[in-house]
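What follows is a short report on a single structure.
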């Protein structure tokens with residue numbers, strides 16, 4: 001029987017060299033987050049379907065991999081068959097929803113505030129295209145139970161540290177508050193129903209330019225003169241001027257405190273700016289939002305915000321929460337483009353043997369002696385074309401070669 | 001809306017203390033395997049459904065979590081609806097099948113022999129019960145492309161080293177060859193069709209005792225006298241006597257070489273024994289099989305064997321392969337029962353602050369100073385009942401406490 005041996009469409013096999021890079025980045029990020037006081041937790045990649053489909057995941061709800069019921073629970077004979085009646089769980093599309101469920105389920109065993117770190121695979125059935133996968137790694141930190149802007153400062157500072165630990169520099173931290181842009185829009189007399197589409201258009205100004213934003217807003221049925229005044233105001237908006245557009249002082253105060261604090265902690269090593277058009281897509285954000293962009297990539301390498309309403313929905317009491325997620329795959333891509341090779345803690349040695357000369361025991365004992373000297377050692381049969389073999393081994397990352405003859409180790413020049 | 005916030009039935013949330021233990025065990029095992037020359041690879045947790053259902057996974061094929069097709073591919077309106085017509089992929093039930101597919105797919109980019117290590121979650125829709133989960137971690141090493149018994153020796157030696165690295169001692173390595181027991185059975189004149197059920201009964205002798213094995217074989221329709229002679233012979237079987245029961249010399253030679261070599265490498269630190277009744281359940285094993293059992297657990301903590309036919313089925317050429325899998329969850333259970341706490345690389349410090357006294361910046365700058373001195377630091381609001389707070393923090397694993405007053409760090413006694 002002919003079987004397709006490729007990975008599932010949109011998913012990937014990782015070969016040793018790529019795994020080494022991914023594990024290096026994972027360990028650097030998680031080490032940094034541990035130093036910053038975050039604790040790793042883990043939840044299943046599979047969640048109950050009601051949890052997934054009743055979440056505020058926006059477009060992601062259309063992309064859920066759903067899992068079929070099993071045994072007697074699965075009844076395919078019925079006439080009125082719907083998707084809902086034949087699935088009972090599905091794969092998670094992000095790490096925020098599972099974290100919220102985890103907190104609601106385990107809160108009595110967790111400290112307040114709870115500082116969680118997660119790193120794991122999430123699944124979205126998107127149309128596969130270059131650089132977009134159906135299974136990819138996310139790396140999140142969240143602070144649950146702290147309503148003060150200290151939580152925002154800690155998340156942004158820790159994430160910047162994590163990016164620095166994987167050799168990213170020259171990045172810009174952009175900060176705003178969802179409610180700020182809404183207040184400015186309202187002050188120009190636009191109807192509340194128009195707020196989401198206006199936010200969406202402004203969010204694209206970096207990519208499509210302000211002329212196109214203007215055009216899009218007018219085509220959306222808003223009055224041209226009003227739109228022009230509004231866009232010109234937004235473009236000139238600084239943190240100092242927002243109060244004159246009806247933004248509540250409490251929102252301004254918190255935002256200013258966070259931007260000033262993070263900028264001081266940055267100590268000139270990265271930029272921290274107020275970015276009034278920043279919206280972030282996820283529907284569950286309720287307050288401050290932030291992202292980190294690098295010069296080279298154009299795209300954000302990390303994004304997050306405050307979501308004070310999500311956990312409370314299940315517990316019946318408000319639970320403040322704020323999170324920041326690193327786009328792990330983008331960082332890997334960036335490091336690969338730079339030709340970055342992770343440093344190795346010790347040398348990889350190949351021990352080339354011939355079974356004609358040595359018993360299995362003497363080969364393995366020789367390898368063990370090299371390991372006890374602190375090396376990573378792989379035993380490999382010596383080939384006839386030794387030069388070619390050594391060249392191949394070097395390409396695989398080996399940096400030392402021994403041969404074993406009658407139990408004696410001989411170092412290659 | 002009332003939502004169930006528990007994890008999916010049979011799956012688990014892991015809180016920080018348990019994650020620390022699991023990550024410690026993972027890192028010890030993978031470090032050991034790296035030293036032994038194995039390279040980490042990664043495959044998706046999702047595989048195409050044809051691959052999963054056409055595999056030799058035995059009972060596991062009944063336990064696959066199947067994933068529904070999406071969009072236009074999913075047609076629920078048809079009258080003759082079958083499971084096969086509405087699913088296109090599923091979750092892996094082990095790591096051996098994905099490895100075999102990975103090798104068949106990527107062989108041109110991989111060295112020969114290829115020494116792979118994997119650690120990942122596998123999924124089986126078993127009836128949940130104590131100690132048995134629907135999502136659990138496996139940790140496998142495999143050598144692909146080496147038909148010689150050196151491969152068996154390396155796998156067994158590396159796995160024993162990995163178990164030692166997570167503080168397991170007093171274990172027994174049991175080794176046999178599937179073909180050996182089959183030859184002995186044949187020499188007693190039993191029909192070839194009876195071989196699987198006889199093997200199955202013998203495999204249980206450790207658990208149910210020899211009297212019950214005898215009874216089961218007789219009830220299975222075999223002649224009582226013949227069964228008694230056979231069982232008495234098997235119970236007395238030593239490696240030295242197998243040749244007199246028609247076992248081919250080549251099988252005996254390899255088995256003896258592996259047992260002698262591994263025993264010499266063990267250097268008295270663990271036992272290595274010939275165990276003729278060892279069968280191992282998986283249908284794909286073709287030669288030597290082995291497992292490691294500990295005194296305390298009764299159950300095997302690791303199991304494996306040679307499966308020379310699996311990869312070749314897809315490639316059209318034979319590819320020798322042998323693997324050894326550690327039961328990661330059993331090791332975690334064993335360490336938890338012993339009250340084992342993983343050592344920490346550096347102290348976890350709590351920095352207790354009051355926002356009345358300090359600005360966000362001075363709190364965070366004080367924390368950063370402690371981090372630069374090599375600590376893991378979490379900032380936490382000081383509570384009124386300080387004694388109770390410190391006791392809670394100690395229980396969470398903190399070992400040092402500072403407070404921050406007007407930017408000055410004060411060490412608690």
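The values are calculated or read from the model by the stated rules, or taken from the named source; none is laboratory data. What you see is a predicted model, and the numbers here were worked out from it, not measured in a lab. Counting neighbours? That spans all protein chains shown, and the Cβs are built from the backbone with ideal geometry, glycine included.
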Going through segment A:126-150 in order, the residues found to be modelled with pLDDT of 95 or more and outside any loop (DSSP other than H, G, I, E, B) are A:135, A:136, A:137, A:138, A:139, A:140, A:141, A:142, A:143, A:144, A:150
In segment A:138-161, residues that are under 30 Å from residue B:91 (Cβ atoms) and crowded, with 20+ Cβ neighbours inside 10 Å total 5
Checking B:121, B:112 in turn, the sole residue that is within 8 Å of chain A (Cβ to nearest Cβ) and either touching a residue at least 24 places away in the same chain (Cβ under 8 Å) or within 24 Å of residue B:164 (Cα to Cα) (or both) turns out to be B:121
Considering residues that are surrounded by fewer than 16 Cβ atoms within 10 Å (Cβ to Cβ), in contact with a helix residue (DSSP H, G or I) (Cβ under 9 Å, 6 or more places away or on another chain), assigned to a loop (DSSP other than H, G, I, E, B) and more than 8 Å from chain A (Cβ to nearest Cβ), the number found within segment B:60-93 is 2
Condition set within 9 Å of another protein chain (Cβ to nearest Cβ) and out of contact with any strand residue (DSSP E or B) (no Cβ under 8 Å at 6 or more places or on another chain), scope segment A:32-59, selection farthest from residue B:124 (Cα to Cα): answer is A:54
Test residue B:99 against the criterion of being surrounded by 19 or more Cβ atoms within 10 Å (Cβ to Cβ), within 7 Å of chain A (Cβ to nearest Cβ) and within 28 Å of residue A:389 (Cβ to Cβ), and give yes or no.
no
Test residue A:211 against the stated conditions and say whether it is within 14 Å of chain B (Cβ to nearest Cβ) and either at pLDDT 90 or above or assigned to a helix (DSSP H, G or I) (or both).
no
The one condition residue B:16 fails out of (1) touching a strand residue (DSSP E or B) at 6+ places or on another chain (Cβ under 9 Å); (2) within 26 Å of residue A:66 (Cα to Cα) is (2)
When residue B:175 is run through (1) closer than 25 Å to residue B:270 by Cα; (2) modelled with pLDDT under 95, the failure sits at (2)
Per the list (1) within 9 Å of chain A (Cβ to nearest Cβ); (2) crowded, with 23+ Cβ neighbours inside 10 Å, residue check on residue B:9 breaks on (2)
By residue number, the members of segment A:377-392 that are within 11 Å of chain B (Cβ to nearest Cβ) and within 18 Å of residue B:150 (Cβ to Cβ) are A:377, A:378, A:379, A:380, A:381, A:383, A:389
Meets criteria (more than 7 Å from every other protein chain (Cβ to nearest Cβ), within 24 Å of the chain's Cα centre (by Cα), surrounded by fewer than 17 Cβ atoms within 10 Å (Cβ to Cβ) and in contact (Cβ under 8 Å) with a residue 60 or more places away in the chain) for residue B:28
no
Condition check for residue A:288: under 30 Å from residue B:6 (Cα atoms) and within 14 Å of chain B (Cβ to nearest Cβ): yes
Worksheet item: Is it the case that segment A:282-302 has a residue that's under 35 Å from the mean Cα position of the chain (by Cα), in a loop (DSSP other than H, G, I, E, B), under 22 Å from residue A:59 (Cα atoms) and free of Cβ contacts under 8 Å to residues at least 60 places away in the same chain?
Response: yes
